[in-house]
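For reference, the structure discussed in these notes is given below.
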Amino acid sequence: MIATDAALLEQALTGAEDAFTALYRRRQGGVYRFALQMTGSSAIAEDVTQEAFLALILHGTRYDEERGTVASFLYGIARNLVLRRIDRRPWAEMEITEECAGPEDLLEELTRRESIEQVRQAVLSLPPVFREAVVLCDLQDSSYEEAAAALDCPVGTVRSRLNRGRAMLARKLRGVAVV
Amino acid sequence: MKSGDWAVTALRALAEHDRKREAPEEVETRLLAAFRKKQVRRQVKTVALATLAVAAGITMFFARPQPKPKQVVPMPERRQPIAVAAAPAPMPTAKPKPRQVKRQPREVVTQFFPLLDVATPFERGELLRVTVPASTMRTVGLPVNEDHLTDRVYADVLVGQEGLARAIRFVSYEQ
């Protein structure tokens, strides 16, 4: 039987390293991608992931199962860390580096990648309140409830921010072919 | 296609593109090191607290008011009368009183109550006699009258090889 996140966290807080490792491996990808898509910087995403799980080690007892899932608790921590960095950092910098594809489909790959990067830039240009709703619900597949718990706001607010964010994105992306 | 749908399609492509992105392995290594460090700190803290509790108990035990030893008042020196001619009269010898045998109070102890939920196997340890507030008895589920919560009671603390207080039992005396 697969242990739930909450069970793993409970065990980790009593000192079970295996439980912490399992929880980290299950959730680090989502936290890392959330920070990456919110900031556009892999260095910041790495820092945020590390600090979010460090906070879980040190203050994991603050997690309340009634207020949301462990994932939303982690996104909430990551969100606060990201917002602190957004205040300090100009958005012109983009540090995402990727490996190149093979030469046979290079042109197609570059065109697709260019389009993807345009989408990424468009997401990054959204005001943070709309960006976080879009990143959580559309890029991280979080439910409205999970996003609401992470963003500490009502579900209705998440829905309206998401709709406005999508509309803003559609205007920015007119003419970009991504499929 | 609606503008919202178009945006969702674009976002799906980005999500798919980023799907395999993860934090580098060094992050896991650093976090595990931090996790272990925290565990060590926690153990040290537990040992320190247990040691502190035992030390406090021992201090209180020795600091309680001890019965004052009776002061021996030296008898004033008496000058021996100078014997002149008459021989001294024989002194009456007092019969020694039978000694009163004091009955030692009988020690009554409770069972040992474990203080650690999880502990390494017990190898060796020490039993320390300390005094603790009677309220401590409540922490292991023994009934204590409200009026006597601050009274001091004797207890034996079993300290394991690692310095952790593992179990406690309470002691009372019956006359």
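Please go through segment A:10-26 and give me each residue that is surrounded by fewer than 21 Cβ atoms within 10 Å (Cβ to Cβ) and assigned to a helix (DSSP H, G or I), ordered by number. Passing the criteria: A:10, A:11, A:13, A:17, A:18, A:19, A:21, A:22, A:25, A:26. Taking residues in segment B:153-169 that are in contact (Cβ under 8 Å) with a residue 12 or more places away in the chain, and partners anywhere that are buried (at least 17 other Cβ atoms within 10 Å of the Cβ) and among the polar types (S, T, N, Q), the pairs with Cβ atoms closer than 8 Å and at least 6 places apart or on different chains are B:153/B:131; B:153/B:136; B:154/B:131; B:155/B:131; B:155/B:136; B:168/B:136.
Residues checked against (1) in a helix (DSSP H, G or I); (2) of a type in the set (Phe, Trp, Tyr); (3) crowded, with 18+ Cβ neighbours inside 10 Å; (4) more than 8 Å from chain A (Cβ to nearest Cβ):
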residue: B:10; (1), (2), (3), (4): yes, no, yes, no
residue: B:14; (1), (2), (3), (4): yes, no, yes, no
residue: B:27; (1), (2), (3), (4): yes, no, yes, no
residue: B:35; (1), (2), (3), (4): yes, yes, yes, no
residue: B:39; (1), (2), (3), (4): yes, no, no, no
residue: B:44; (1), (2), (3), (4): yes, no, no, yes
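In segment A:116-166, the residue that is farthest from the chain's Cα centre (by Cα) out of those that are within 11 Å of chain B (Cβ to nearest Cβ) and not in a helix (DSSP H, G or I) is A:126. Being within 12 Å of chain B (Cβ to nearest Cβ), surrounded by 12 or more Cβ atoms within 10 Å (Cβ to Cβ), closer than 25 Å to residue A:155 by Cα and at pLDDT 90 or above is true of residue A:78.
The values are calculated or read from the model by the stated rules, or taken from the named source; none is laboratory data. Values in this document were obtained by computation on a predicted structure and should not be read as measured data. Neighbour counts run over all protein chains shown; Cβ positions are idealised from the backbone, glycine included.
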